[in-house]
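Asker: I have a structure here, written as structure tokens, and I will follow up with some questions on it.
The values are calculated or read from the model by the stated rules, or taken from the named source; none is laboratory data. Owing to the predicted nature of the structure, the values given are computational and were not obtained by experimental measurement. All Cβ positions, even for glycine, are placed from backbone atoms using ideal geometry, and neighbour counts span all protein chains on display.
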Amino acid sequence: MIAEAGHYALVLALALALIQSTVPLLGARLNDGALMNVARSTALVQLLFAGLSFTALVWLHVTSDFSVVNVYENSHSMKPLLYKITGVWGNHEGSMLLWVAILALFGGLVAAFGNNLPLSLRAHVLAVQGWVATAFYLFILITSNPFARIANAPAEGRDLNPVLQDIGLAVHPPMLYLGYVGFSISFSFAAAALMEGRLDAAWARWVRPWTLVAWIFLTLGIAMGSYWAYYELGWGGWWFWDPVENASLMPWLAGTALLHSALVMEKRNALKVWTILLSILTFSLSLLGTFLVRSGVLTSVHAFATDPSRGVFILIILCVFIGGSLTLFAWRASSLKQGGLFAPISREGSLVLNNLFLTTACATVFVGTLYPLALEVLTGDKISVGAPFFNLTFGPLMVPLLVAVPFGPLLAWKRGDLVGAAQRLIAAGVVALLAVAFVYAWVHGGAVLAPLAIGLAVFVIIGALVDIAERIALFRGPLSISLRRASGLPRSAWGTMFAHAALGVTLIGIVCETTWNSEYIAAMKPGDSTKLAGYEFKFEGANQRQGPNYRELLTQFTVTENGRLVGGMAPSKRSFITRGSSTTEAALLTRGFSQLYISLGDLNDQGAVTVRIYHKPMVLLIWFGPILMALGGLLSLSDRRLRVGAPKPAKAPRVLQPAE
């Protein structure tokens with residue numbers, strides 16, 4: 001009964017999406033406020049039914065109802081409760097239901113918090129959201145029904161893919177989807193602006209908070225996925241330029257460019273056409289990512305679908321929305337006025353340069369990801385585009401971008417002083433040079449350019465601090481006045497500082513981990529010891545134990561440094577009988593921002609186990625950086641000048657009537 005109720009709720013959500021996508025547009029054409037307000041009520045009720053449908057699937061997984069195909073294929077009665085819940089989106093059908101539930105959530109948020117939007121704009125925005133929702137409801141109901149029944153219910157399920165039975169799965173996909181789907185709001189605002197033919201600074205102010213929310217979640221989702229791959233797959237790597245990883249990176253790069261472009265449009269009423277195009281392209285890249293993961297064209301630990309009919313359906317959705325929006329853009333873009341002018345050397349100019357590098361980097365990732373697929377379709381030849389290509393194309397584009405980042409906030413709007421900005425960054429340059437000299441003196445071996453990259457990272461971090469120091473006149477007056485100015489700074493200024501400094505923090509982690517990473521691989525028996533990076537690892541022994549739905553080989557290592565006990569590490573291998581597969585559970589020991597990492601291989605006939613031991617210096621900075629970026633985004637979002645929505649119009653003053 002629960003399955004049928006969930007399916008029925010999904011059908012009702014589709015019906016509401018159809019109403020939402022048509023009636024408000026009719027109301028806008030007729031200038032009928034009542035019809036335009038239908039968008040708000042249908043969006044809220046659609047959220048209710050989409051939420052009920054998703055809750056129904058969660059309940060079926062939690063109660064292990066194996067009469068439902070989705071539960072049978074992806075669950076097991078002995079699986080821990082947390083993984084029963086996360087298993088809901090650990091498969092194609094469930095993840096697509098999560099996708100549309102989040103889409104309904106964003107539509108509901110616009111309906112609930114968009115009361116200050118012009119009625120016609122809100123009607124158009126929610127109508128476009130209704131179009132997107134309709135397409136994906138149809139996709140689920142026609143090709144990917146998560147509530148399909150089995151005639152003769154089996155007694156037990158097939159269990160979830162073992163590599164997905166991890167706490168990272170509880171966080172990574174929902175955050176990634178909140179980012180992917182969140183950009184649909186930017187897309188809907190862009191399509192609405194093109195349909196209305198009205199685009200101004202107020203539009204940018206309305207769209208920027210929604211874009212920022214999506215960008216924050218996508219940043220955290222990518223970081224969590226990277227960390228999950230790092231510790232769960234047992235390879236010791238944090239980024240592999242996997243096509244599905246690239247599929248999430250591309251909308252992040254475009255979304256970052258969109259945020260900066262919308263800022264120029266809000267402040268200077270410029271870059272209108274470019275901002276609209278970026279809004280379309282960012283969500284288009286999100287749809288492309290959905291296609292790559294769900295179509296079966298890729299083989300990856302991330303990819304779920306293998307049914308070609310699903311891929312064709314999503315490809316049709318992709319063509320309709322991308323092709324339709326770009327056609328609308330080509331038709332209406334010429335009617336949009338460009339707005340204010342600015343000099344090349346200005347804050348606007350620096351943001352345009354930022355956009356240039358980000359979109360070019362996105363294009364290189366796009367070509368590297370899709371070229372092998374296109375070549376295979378056209379010629380049948382299979383090629384692999386891996387890390388060397390991306391490192392040689394993406395990396396060099398990031399260097400000038402990072403050099404330019406500290407200059408932007410120090411330049412004035414409309415016309416800036418590059419020499420003056422450079423003078424204020426002298427301290428940052430000196431500290432960066434000292435960092436380069438220190439690294440060259442302290443570290444031996446590794447890439448020759450690594451110390452220069454560390455220096456660049458330090459320059460970015462100190463440059464972000466210089467912007468705040470200039471704003472509060474630090475060291476140019478009494479400290480009390482500087483502190484008072486700091487407390488009065490807009491939160492968006494602090495958010496910019498954290499987000500820009502985070503780039504440098506992440507770069508330090510990447511350079512240190514890839515350059516000075518140490519590795520040891522050998523077969524070890526109980527009692528054996530080995531040394532790596534100043535640490536001694538002793539294999540104490542191994543034992544078998546039974547988990548909820550797996551059998552586990554658990555090993556014990558003690559780690560010492562100069563004879564002093566540092567701690568213990570317990571890597572393991574788990575065998576999942578139902579799935580007939582195994583996973584490696586790496587052991588991590590954190591030392592500051594560095595980590596010791598042990599993963600297990602196979603057990604040989606002599607009782608020795610293959611061990612892979614790493615020392616990863618400063619590796620945690622790779623993920624601390626994105627967290628710092630997200631914190632900067634949250635600070636900006638909390639700024640009173642950047643609320644989700646638009647400022648309420650001032651009430652007209654009441655005219656006092658003379659007393660009789």
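Asker: Condition check: without any contact (Cβ under 8 Å) to a residue 12 or more places away in the chain, among the aliphatic types (A, V, I, L, M) and loosely packed, with under 14 Cβ neighbours inside 10 Å. Does V448 satisfy that?
Answerer: yes
Asker: Hey, can you tell me all the residues within the range 73-100 that are touching a residue at least 40 places away in the same chain (Cβ under 8 Å), touching a Gly at 6+ places or on another chain (Cβ under 6 Å) and part of a helix (DSSP H, G or I)?
Answerer: If the condition is that a residue be touching a residue at least 40 places away in the same chain (Cβ under 8 Å), touching a Gly at 6+ places or on another chain (Cβ under 6 Å) and part of a helix (DSSP H, G or I), then N74 is the only one that fits.
Asker: Could I ask something else about it? If a residue must be within 13 Å of K616 (Cβ to Cβ) and surrounded by 23 or more Cβ atoms within 10 Å (Cβ to Cβ), how many such residues does the range 216-245 contain?
Answerer: Total satisfying the criteria: 1.
Asker: Within the group A202, A112, A127, A190, which residue is part of a helix (DSSP H, G or I), over 23 Å from the mean Cα position of the chain (by Cα) and surrounded by 24 or more Cβ atoms within 10 Å (Cβ to Cβ)?
Answerer: When all the criteria are applied, what remains is A127.
Asker: Looking at L233, is it among the aliphatic types (A, V, I, L, M) and in contact with a strand residue (DSSP E or B) (Cβ under 8 Å, 6 or more places away or on another chain)?
Answerer: It is true that L233 is among the aliphatic types (A, V, I, L, M) and in contact with a strand residue (DSSP E or B) (Cβ under 8 Å, 6 or more places away or on another chain).
Asker: State all residues of the range 621-660 that are modelled with pLDDT under 50 and either closer than 25 Å to G107 by Cβ or hydrophobic (A, V, I, L, M, F, W, C) (or both); if no residue qualifies, say none.
Answerer: V644, G645, A646, P647, K648, P649, A650, A652, V655, L656, A659
Asker: Something else about it: Looking at the range 325-361, which of its residues are closer than 17 Å to A262 by Cβ, out of contact with any Ser or Thr (no Cβ under 9 Å at 6 or more places or on another chain) and not in a loop (DSSP other than H, G, I, E, B)?
Answerer: Selection gives F329, A333, R347, E348, G349, S350, L353, L356, T359.
Asker: For the range 236-246, give me each residue that is in contact (Cβ under 8 Å) with a residue 12 or more places away in the chain and closer than 26 Å to V611 by Cβ.
Answerer: G236, W238, W239, F240, D242 - these are the residues of the range 236-246 that are in contact (Cβ under 8 Å) with a residue 12 or more places away in the chain and closer than 26 Å to V611 by Cβ.
Asker: For the subset of the range 339-376 comprising residues that are free of Cβ contacts under 8 Å to residues at least 12 places away in the same chain and within 18 Å of V244 (Cβ to Cβ), which member is surrounded by the fewest Cβ atoms within 10 Å (Cβ to Cβ)?
Answerer: Top of the filtered list is A374.
Asker: Out of all the residues in the range 145-156, is one or more part of a helix (DSSP H, G or I) and surrounded by fewer than 24 Cβ atoms within 10 Å (Cβ to Cβ)?
Answerer: No, that holds for no residue.
Asker: Hey, another quick one. So which of S226, S248 is modelled with pLDDT under 95, under 19 Å from A363 (Cβ atoms) and either of a type in the set (S, T, Y) or not in a helix (DSSP H, G or I) (or both)?
Answerer: Every option except S248 fails the conditions.
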